[in-house]
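Everything below concerns the one structure shown next.
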Amino acid sequence: MAQVAIEFLRAVNSAADAFGPLKSAVGGVLYVAETVKKFKSNKKDWAEFADHIQSCLACVLLPENGMDTRDDLQEHVRALESSMKGIVATVETLRAEKRGKRIVTFLKDPEKISGMRQKFDNAIRLFQLRESVTSERNVAEILKKVDPTTVQPMVQSILEKFRDTIVHDIAVADNIRDAFPIAAGASWDPDRACFPGTRVAVLTEIQAWIYSGETEQKIFLVSDMAGSGKSAIAHAVCQRFKKDLVSDFFFTRGVTGRDDYGTLLGHIIRDLAALSKDLGRKIGSILEQDRTLITAGPSRQFDELIVPLHHLFPADRPILIVIDALDEGRKEGDQPEQGLLRILGDEIHRLPGNFRILITCRPDNRIMPFLENKSHVLRLHHALSGDTTQAGDVAIYVNRRLRKMLVSRSLPEDMSQAQALIDKSEGLFIWVATIINFLWTCASPIQQLERLLIEHSPSRRSVESKMDILYQAILDDCNWLDDDFQEGYYLLMGTVIAAKSPLTIAAMQALHKDAMTFENMHQSSLRSLLSGLDAHDKPVQILHLSLREFLTQCTSKHYIIVEKEHNRRLAQLCIDMLISELSDDVSGLNDSTRADIALPDIGNVTDYLIYACSFWTAHVAHLEKEELTETLLKSLLSLKTKLATWMMVVTIKDKFQSLENVRQWAQKIIPNEKNISEMFYGESMASTAYNISMALVTKAQYYDALSAGQEAETIYRMLAADQPAKFSPDLAKSLNLLSHCLSEVGQASESLEVIKEAVDIRRKLAIDQPAKFNPALAQSLINLAKCLSDVGQVLEGLKVNKEAVAVHRMLAADQPIMFNPGLAMSLNNLSNRLSRVGQVREALKTIEEAVNIYRALAVNQPTSFDSDLALSLNNMSNCLSDVGQMPEALKAIEEAITIYRALAVEQSAKFNPDLARSLNNFSNHLSEVGQVSEGLKAIEESINIRRKLAADHPARYNPDLAESLNNLSNRLYQVGQVSEALASIQEAVIIKRTLAADQPARFIPDLAISLNNLSNRLSDVGQMSEALKVIEETITIYRALSVDQPAKFKLHLVAALNNCSVRLSDIGQLTEALNAMQEAVTIRKTLAVDQLARYNLDFADSLNNLSNHLSNSGQVSEALKLMGETVSIQRTLVAAQPAKFKPDLARSLHGLSNHLADAGQVEGSMKAIEEAVALYRPLAADQPEKFQQPLDEALQALSRIKSKNQA
């Protein structure tokens, strides 16, 4: 047994190079075991210790022992690694001891071994295993079961588990990072923090607030005039309290991504997700379920991604968030109160009491009404300007920075001007800091300081005026006689002001294709005004917003920066970059005939190309007509062949971008430039957008796919308007895809309208060219049938589905090899439609034909058609169940499961979902034949698969998981585990509530189904009032749904009213129970006859329940009449499907017998119960576990009636 453990651990160690902590822990155990066995003293104790740690670790890693707690797996392995490092160090120390010392210390070996063993065992116990592996008996039993020949497969299993764990966590983190990318330059910078020794009182006040414990005052507001040092305080807070800093955002006006209130919460959410894995996983899960939250407004993000997760935030520390220069954020349209400002002013109380949000801003009239006089906002008590504390801080700053500058420049430490500088600053930190920064850059700092002091006498000027004079003095110092400098200033400052996102010097050089112009700018006085000039790889930014205002508004022809001119220049440069860097080849994404679509791996892309791809449309859309040059127009035309590639690159590296803003610009600014306008409606653009949408659909990114699909449809529609013969087929194709995307995001009505248009187009095309367009028409007909069914138009959907089958039959008759697969698919869908309207025998006949076609196809091409065969077998099993052929139904579903198991071995990611679905259905069928325990095992296996799928892809698989949980609840109830059944359906309801909150149109009907079941389970455990409350919620949902789609949901409403009647009866509200049942019956009688074929059993149940209630309230004759109607309906059902409905008829006959007896009609009562017994006898013979008890009860009733009759 020990040898098996050693071989297994060695194999793991050899293969675990990619999993450092695991390899370290396993390697440590092997090393310790090998080393201590060489010790010459206490050999037995050391050997036992070596065997213990090897055997225990092997047992932990064995797949059979259930180490499947992914959430904590990595943490537990790291804990084990840490434990082993300590043990290795102890063993190393003992091994290195000289013989003389070892003679003395060996007596302490047992104590050391005991301590190391305890340390090791504590680490092992962290793993949640099915059996304890720290006892020798359990270890021996576990290892005894291990087959030495299976070591390698077991190793692969454990490594796969680690790989899944790591990949999952990386995927979650990537998902959040992709959703909310970091805004470059929006974080704190230690170089911009308060000078050491300054702002002590302010920072002390802020520190006291941060660590004040639970408090209502979650916001600390620092509001003062421009240049008073607010941002320096914000940077200092981040630096000083970084251990508790969770998120920080520094707004900068005019910089894309850093001047929009809409980006702030996404930035904070990304940082909150990093607080813990639980938070990260939950946020990742929510985002995957609803990608619209990525671009949603602040209110939705706050309500759905922050507030509901309050229980996951750590409570033992402050959660510090710093927001600087809030006033530099862009206005949120005409109603700022609807977004971020409203949240800060009115909603922050919904956050836990340990949240701390520091905000700095100017006293802006747009912002202050939201923050002033609010109980949750604490204002800074210390003024930032104009008081003695401020003057003292300025003095400290000036004396230290000025002296440091003089020393570093090897100049005399002449501090005579320091006090004059302090006095003339008038407490304005930004003014002082800018001067000293300038002195560092100029050739004669002492003389320049004297000049500046002479020009700046205290004058009580406004901050803006004071800074404007200083900026002009600094710029005056530049060498304006140097033409190279003038050109460099113009390009550098213009780019900084007009860029949509800060650019590095290297990126500017690449865009301008000019290295020298920018190369020497860092040697000028501009270094005192800009950050990032000293390094090629740092974004260049203005140091203070007042500089931007000065440069764009000043009157000097040397200094002024006309932003519109530089926006035009950047538009030209971006377009030129795309033309030179992008190829015409987009890896087939502009090929409209491709079926295997996937976004390619394009590797690394330079930051300047990403800038050009992301922002060329924004620069172009801001151009006025007079700014357009012939060169720019010519470049735009040259971009035509690059647009498809651009669309691909920007989708992969950023997100899909529509050209709609550029189209609108072209229509408005250059309506007569047809070549320009038409290029944005190019065929290659349409096919690329279509293929990108297809690729995103395969990744279940339906919202992103919808955006691309809408772009494709827009372009194809324009093309088809001019050339209908050529592009109408493509328009129909894009509409078909768009309908699918709309359906997947829950927009069923919109999806239906779109697919109707696609069908209309393809019908017209098929009239003239049936051979060419009938296949596409058949495909759209199948989709139309689904959309009709989704909105409750089941009969219309059935009619359309029959047409699709007819078209496929015609095609397959001529070309069976090509079109038999399509025919089989149409038959499969038709069978589902027939089943929905109660035509179960026709449904069975149809699906049998589909299965026969797929069997024939799978014989020759199993790889292509085995999965289709399994799907049809799954559906055929349901149809066989509907007609009561349960043995055949079980055989069909077992065959489907066998196929899916084999397919899942090779492609688990692709076929595990299908396997789980078949197991779900298998469980239902086993339950129907009374094999409830086996059904429970099947549904548990289905849930295990679906839990793993939902953990990785919650948006895609949470609906399936909820379905299986619903069925698990039913199975648990059937085996008497009512508490577990309740827990299962409660989990299903939680999932469905989340789904319905995000996509109500799609998931509210599913929520209603689970609520109905939850009501039953609550009743089972005696929670009657809660059960009634839940079923009333169900009825409310179905009433609302029935208004828009009565054909689809009125029968569900009938069932819910029936259930509600039972709940009301349970708590003694018989009058209300009767009212509910009478409403159910009334609604049922208004439904169309064709709808009743499927739901007659439900109606019969309603009549049965109403009859019981009437009988209980003494209305015997009315009860008897309804029970007679119930039996009549069920006789009709039995005539059509005897195997399925005989049990229900037998039950109703038993009930009828009771009512007849109550009415004194003994002979009729006996006749009814005798018929019930006759029906139950063969049923009990075939399925005794299910029907023996009802038979016994019927026999007892018959005996009582006979005895009474004889008496």
Practice task
Count neighbours as other Cβ atoms within 10 Å of each site's Cβ, and list the trypsin sites (Lys or Arg not before Pro) in segment 465-515 that are DSSP loop with at most 16 such neighbours.
Solution key: 513
Practice task
Treat every Asp and Glu Cβ in segment 658-736 as -1 and every Lys and Arg Cβ as +1, leave all other atoms uncharged, and give the resulting dipole magnitude about the Cα centre to the nearest 20 debye.
Solution key: 60
Practice task
Can you tell me the 0 to 90 degree angle between the C-alpha axis of helix 908-928 and the longest principal axis of the chain, rounded to 10?
Solution key: 30
Exercise for the section: Report the calculated FRET efficiency for residue 189 and residue 660 (r = Cβ-Cβ distance, R0 = 45 Å), to the nearest 0.05. Expected result: 0.75
Exercise for the section: Pull up the DSSP beta bridges for the chain and report the antiparallel fraction as a percent, rounded to 5. Expected result: 15
Handout entry: Residue order for 678, 565 - accessible surface, 1.4 angstrom probe, largest first
Key = 678, 565
Exercise for the section: Report, in whole Å, the centroid distance computed from the Cα atoms of segment 785-804 and segment 263-317. Expected result: 40
Practice task
Compute the long axis of helix 2-15 from its Cα atoms, compare it with the longest principal axis of the Cα atoms of the chain, and write down the angle in degrees, 0 to 90, nearest 10.
Solution key: 50
Handout entry: Calculated [θ] (222 nm, deg cm²/dmol) that DSSP helices of n ≥ 4 give over the chain, each run adding -39,500 (n - 2.57)
Key = -23500 deg cm²/dmol
Problem - Straight-distance crosslink candidates among lysines, where the alpha carbon sits under 20 Å from residue 40 and sequence neighbours closer than 8 are dropped - result: 98, 101, 108, 112
Fill in the blank from the handout: Relative contact order in percent for the chain (Cα pairs under 8 Å, 6+ apart) equals 5
Fill in the blank from the handout: Checked against the positive end of the charge dipole of the chain (+1 on Cβ of Lys and Arg, -1 on Cβ of Asp and Glu, about the Cα centre), the farthest of 237, 978, 715 is 978
Practice task
Provide the net charge surrounding residue 980, with neighbours chosen by a C-beta distance below 12 Å and charges set as Lys +1, Arg +1, Asp -1, Glu -1.
Solution key: -1
Handout entry: Hits among lysines - C-alpha to C-alpha of residue 1186 under 16 Å, sequence gap 8 or more where chains match
Key = 1140, 1142
Exercise for the section: Please list, in chain and number order, the residues 5+ apart from residue 260 or on another chain whose amide H is under 5 Å from its amide H, with Hs placed from the backbone. Expected result: 330
Exercise for the section: Give the ranking of 814, 704 by solvent-accessible surface, highest area first, calculated with a 1.4 Å probe. Expected result: 814, 704
Exercise for the section: Report the net charge of residues surrounding residue 200, where surrounding means a beta-carbon distance below 13 angstrom and charges are Lys +1, Arg +1, Asp -1, Glu -1. Expected result: 0
Practice task
For segment 599-613, just list the computed ³J(HN,Hα) in residue order, Karplus coefficients 6.51, -1.76 and 1.60, θ = phi - 60°, integers in Hz, with x standing in for Gly and Pro.
Solution key: 6, x, 8, 9, x, 6, 10, 5, 5, 6, 6, 4, 4, 4, 5
Practice task
For helix 702-722, report the angle its Cα long axis makes with the longest principal axis of the Cα atoms of the chain; keep it between 0 and 90° and round to the nearest 10°.
Solution key: 90
Practice task
Treat every Asp and Glu Cβ in segment 469-554 as -1 and every Lys and Arg Cβ as +1, leave all other atoms uncharged, and give the resulting dipole magnitude about the Cα centre to the nearest 20 debye.
Solution key: 440
Completion exercise
Between the alpha carbon centres of segment 942-1015 and segment 484-508 the gap in Å comes to 57
Problem - Amide H partners (placed H, <5 Å) of residue 380, local residues excluded - result: 221, 223
Exercise for the section: Using only the Cα atoms of the chain, build the gyration tensor, take square roots of its eigenvalues as a ≥ b ≥ c, and label the shape rounded, prolate or oblate: rounded if a/c is under 1.5, else prolate if a/b is larger than b/c, else oblate. Expected result: prolate
Completion exercise
Along segment 1014-1019, Karplus-curve 3J(HN,Hα) (6.51, -1.76, 1.60; θ = phi - 60°) to the nearest Hz, with x for Gly and Pro, reads 4, 4, 4, 5, 4, 5
Fill in the blank from the handout: Out of 635, 273, 226 - ranked by how far each Cα lies towards the positive end of the dipole of the chain, with unit charges on the beta-carbon of charged residues - the top one is 273
Handout entry: Members of 786/1050; 937/992; 513/634; 23/910; 802/1048 lying beyond 22 Å, as alpha-carbon distances in this model show
Key = 937/992; 23/910
Handout entry: Charge dipole magnitude, Cβ of K and R +1, D and E -1 - the chain, Cα centre, debye nearest 20
Key = 2200
Handout entry: Amide H partners (placed H, <5 Å) of residue 504, local residues excluded
Key = 540
Practice task
Using all C-alpha to C-alpha distances in segment 768-831, build P(r) with 10 Å bins and read off the rounded percent in each one.
Solution key: 25, 52, 20, 3
Practice task
May I ask which residue of 767, 792, 745 lies farthest towards the positive end of the charge dipole of segment 744-821, with charges of +1 (Lys, Arg) and -1 (Asp, Glu) on Cβ and the Cα centre as origin?
Solution key: 767
Practice task
Could you run the Karplus curve 6.51 cos²θ - 1.76 cosθ + 1.60 with θ = phi - 60° over segment 768-780 and give me ³J(HN,Hα) per residue in whole Hz, x for Gly and Pro?
Solution key: 7, 9, x, 4, 7, 10, 4, x, 5, 4, 4, 4, 5
Handout entry: Environment charge at residue 882 (Cβ cut-off 9 Å; Lys +1, Arg +1, Asp -1, Glu -1)
Key = +2
Handout entry: Cα gyration tensor shape for segment 687-845, rounded if a/c is under 1.5, else prolate or oblate
Key = oblate
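The values are calculated or read from the model by the stated rules, or taken from the named source; none is laboratory data. Quick caveat: nothing in here was measured; it's all calculated off a predicted structure. A quick note on method: Cβ atoms are made from the backbone with ideal geometry, for glycine too, and the neighbour counts reach across all protein chains shown. Surface accessibility is based on the protein's heavy atoms, side chains included, excluding ligands, DNA and RNA. Shrake-Rupley method; radii C 1.70, N 1.55, O 1.52, S 1.80 Å.
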